[in-house]
1. Counting residues that are at pLDDT below 95 and within 14 Å of the chain's Cα centre (by Cα), which helices (runs of 4 or more DSSP H) fully inside segment 87-178 reach at least 1?
2. Taking segment 66-93, which residues are open to solvent by 50 Å² or more (accessible area, probe 1.4 Å), touching a Ser or Thr at 6+ places or on another chain (Cβ under 7 Å) and farther than 20 Å from GLY146 by Cα?
3. Might you check whether a residue that is open to solvent by 20 Å² or more (accessible area, probe 1.4 Å) and acidic (Asp, Glu) occurs anywhere in segment 140-148?
4. What are the pairs, 6+ residues apart or on separate chains, where a residue within segment 34-52 that is closer than 17 Å to LEU125 by Cβ and open to solvent by 10 Å² or more (accessible area, probe 1.4 Å) has its Cβ under 9 Å from a residue that is among the aliphatic types (A, V, I, L, M) and part of a loop (DSSP other than H, G, I, E, B)?
5. Can you pull out every residue in segment 35-58 that is in contact with a Gly (Cβ under 7 Å, 6 or more places away or on another chain), assigned to a loop (DSSP other than H, G, I, E, B) and of a type in the set (Ser, Thr, Tyr)?
Amino acid sequence: FPVTIGGSGKKAGVADRGCCGMVTSLNKAWKYIGSPADAEGIFTIGSNMSTGAASYFTSFGPSSDGRTKPEISGMGSSTAIINTSGLTSTGNGTSYSSPLVCGMLALVQQFFLEKTGRTLKQQQLYEFMKDYSVDLWEPGKDIKSGYGLFLLPEDPESIDIEKYLRKEEIKLNNPELS
């Protein structure tokens, strides 16, 4: 799928290959976004608790050059996981929020592939994330949670496909929809 968890933070080639580089906002006590999460073209994922508050361990923006980071947040506190014993448990960390968001975006890409015959490109996926994030702090994008906590729509059929893909793109990739 065109979603990867990036480690190098380098933009070069990531978007061109239909991938979206994603990194966590790091578990840093000093709270500021650092490398590789501050790279341009990389989706930086913060961490929130179920109450909507930022997790105590998540880093805040801005980036070193003043850009607002993170882009969005995911559940990173008391996140449901399967532990090393194969049992359901909970864990804390941006190492949980970023993979959780990546998994959710993989479902979004699967939805678009099944409905239109193609996946979303990086900018289209970014718009989708913005549209389906619950704003938590200052209106719009802020340095604590970006556009907010990313949630999948309860009813996938409510997604306005044409908001993200032009009709020509849909017809080109899926003649059954023309």
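The values are calculated or read from the model by the stated rules, or taken from the named source; none is laboratory data. A quick note: this is a predicted structure, and the numbers were derived from the prediction, not measured. Cβ placement follows ideal geometry from the backbone for every residue including glycine, while neighbour counts extend to all protein chains displayed. For the accessible areas, the whole protein counts, side chains as well, though only heavy atoms, and no ligand, DNA or RNA atoms are used. Shrake-Rupley method; radii C 1.70, N 1.55, O 1.52, S 1.80 Å.
1. 94-116, 122-131
2. SER78, ALA80, ILE82, ASN83, THR90
3. No; the residues of segment 140-148 include none that is open to solvent by 20 Å² or more (accessible area, probe 1.4 Å) and acidic (Asp, Glu).
4. Within 9 Å, the pairs are GLY41/ALA12; GLY41/VAL14.
5. SER35, SER55
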